[in-house]
Amino acid sequence: MKHNLGIDLGGTNARAAVVDAEGRIVARAKSVLTDRSPAAVVDAVAAAAASALSMAGNVKVDACGVGVAAQLDAEGAVVLVAPNLGWFDVPFAALLSRKMERTVRLINDLNVAVFGELKAGAGKGVRDLFVCFVGSGVGGALIVDGQLVSGARGVAGEFGHVKVQPGGRKCGCGELGCLEAYAGGHNLIAQMREVVEAGRSPRLLELAQGRVENLNPALLEQAALEKDPAALEIYDRAANHLALAIANQITVLNPARLILGGGVLNHCAGMQQRIRQSVEQYTARVARNGLVIAEASLGDDSGLIGAALLADL
Ligand SMILES: [Zn+2]
């Protein structure tokens, strides 16, 4: 059977796996990123990949896909902005490809996770499906009658960039008022930072042990549940925008299943619960009947599996 190499490059570690064509992980390895310079990250990724390949034994590996929390150029070659790594305009595919002596394709972390879940996780075998992942950004995918909808120019399912507030917050894509600008993990942290730096949430700063670098969505949820006004405002707005946008997709598409996943929803149980309830409330009744809302089933492996499966598609 054909095998590919999947890599999940996060802000703190790089994971690599040899994955078969059915999306099963054959071998895996991990490197901790102690230095986030591109050269050091190339070495760390290559080391994890070499370990996974050696554990997989004599398996022949074709392509290599790398999921990275970043905005990428259209060819999947250059990291334009990667907030977790502090990178701007890094030609990472070329650097890694030279080191590993194989072709490398970079893919957005959410897209790989969504694809992994579709092919090998909670979406496997479902013909009408909507997937929403809330991680560092917000991603989505539509499967209609068994086909992944790609659209006229291949960009269908850019769910993070549906507008929820005309003229609103600036999004990483450069436009204003996108869903991701309010609800993506990176933007949740940016909004937390804004209220902390304006002195509007002493509680958030306390939860972050006095350091804005420690702010994360789980702390936002905690402060919101404690009714901290500034945290609650960010949290409520994100949850409402997400729920309404998801519900509207469901009303239009009438999928059999909605899959919710991604780091923010995995680590904020209250947010996930709230979205489930609000989706039921906001979806038109005819589309709500029979809808199954499921959690992503591959957990942290969805990105590794998706990166491998997408590497040569
Ligand atoms: Zn956007």
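Per-structure values
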item: Residue match in segment 174-184 (condition: touching a residue at least 24 places away in the same chain (Cβ under 8 Å), open to solvent by 50 Å² or more (accessible area, probe 1.4 Å), within 16 Å of the ligand (Cβ to nearest atom) and assigned to a helix (DSSP H, G or I)); result: no
item: Test set (1) without any contact (Cβ under 8 Å) to a residue 60 or more places away in the chain; (2) within 22 Å of G121 (Cα to Cα); (3) assigned to a helix (DSSP H, G or I) - E280 fails condition number; result: (2)
item: Residues within segment 142-161 that are open to solvent by 10 Å² or more (accessible area, probe 1.4 Å) and touching a residue at least 12 places away in the same chain (Cβ under 8 Å), tallied; result: 10
item: Selection within segment 284-304 - surrounded by 14 or more Cβ atoms within 10 Å (Cβ to Cβ) and out of contact with any strand residue (DSSP E or B) (no Cβ under 9 Å at 6 or more places or on another chain); result: A287, R288
item: Cβ-Cβ under 7 Å pairs, at least 6 apart or on other chains, segment 101-112 side more than 16 Å from L80 (Cβ to Cβ) and outside any loop (DSSP other than H, G, I, E, B), far side at pLDDT 90 or above and among the β-branched types (V, I, T); result: V104/V66
item: Scan of segment 32-49 for residues that are in contact (Cβ under 8 Å) with a residue 12 or more places away in the chain and open to solvent by 20 Å² or more (accessible area, probe 1.4 Å), ordered by number; result: V32, R36, P38, A39, D43, A47
item: Hey, R211 in contact (Cβ under 8 Å) with a residue 24 or more places away in the chain and among the basic types (K, R) or not; result: no
item: Residues that are more than 11 Å from R237 (Cβ to Cβ) and either of a type in the set (D, E) or more than 10 Å from the ligand (Cβ to nearest atom) (or both), drawn from segment 163-173; result: P166, G167
item: Sole exception among (1) acidic (D, E); (2) over 20 Å from C173 (Cβ atoms); (3) not in a loop (DSSP other than H, G, I, E, B) for D35, by number; result: (3)
item: Filter pass, V164 being modelled with pLDDT of 90 or more, open to solvent by less than 40 Å² (accessible area, probe 1.4 Å) and touching a helix residue (DSSP H, G or I) at 6+ places or on another chain (Cβ under 9 Å); result: yes
item: Unmet requirement for N248, which otherwise passes all of (1) open to solvent by 60 Å² or more (accessible area, probe 1.4 Å); (2) within 11 Å of the ligand (Cβ to nearest atom); (3) under 19 Å from S278 (Cα atoms); result: (2)
item: Any chance A230 is open to solvent by less than 10 Å² (accessible area, probe 1.4 Å), in contact with a helix residue (DSSP H, G or I) (Cβ under 7 Å, 6 or more places away or on another chain) and either more than 30 Å from A287 (Cβ to Cβ) or among the basic types (K, R) (or both); result: yes
item: Qualifying residue in segment 187-199 (condition: within 12 Å of the ligand (Cβ to nearest atom) and either over 21 Å from A294 (Cβ atoms) or surrounded by fewer than 22 Cβ atoms within 10 Å (Cβ to Cβ) (or both)); result: yes
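Residue by residue, here is whether (1) outside any loop (DSSP other than H, G, I, E, B); (2) without any contact (Cβ under 8 Å) to a residue 40 or more places away in the chain; (3) more than 18 Å from V138 (Cβ to Cβ) holds:
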| position | (1), (2), (3) |
| --- | --- |
| L232 | yes, yes, yes |
| L242 | yes, no, no |
| I246 | yes, no, no |
| I250 | yes, no, no |
| I275 | yes, yes, no |
| A308 | yes, no, yes |
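The values are calculated or read from the model by the stated rules, or taken from the named source; none is laboratory data. Just so you know, these numbers come straight off a predicted model, no measurement behind them. Note: ideal-geometry Cβ built from the backbone for every residue, glycine included; neighbour counts use all protein chains shown. The accessibility values were calculated without ligands, DNA or RNA, using every heavy atom of the protein model including side chains. Shrake-Rupley method; radii C 1.70, N 1.55, O 1.52, S 1.80 Å.
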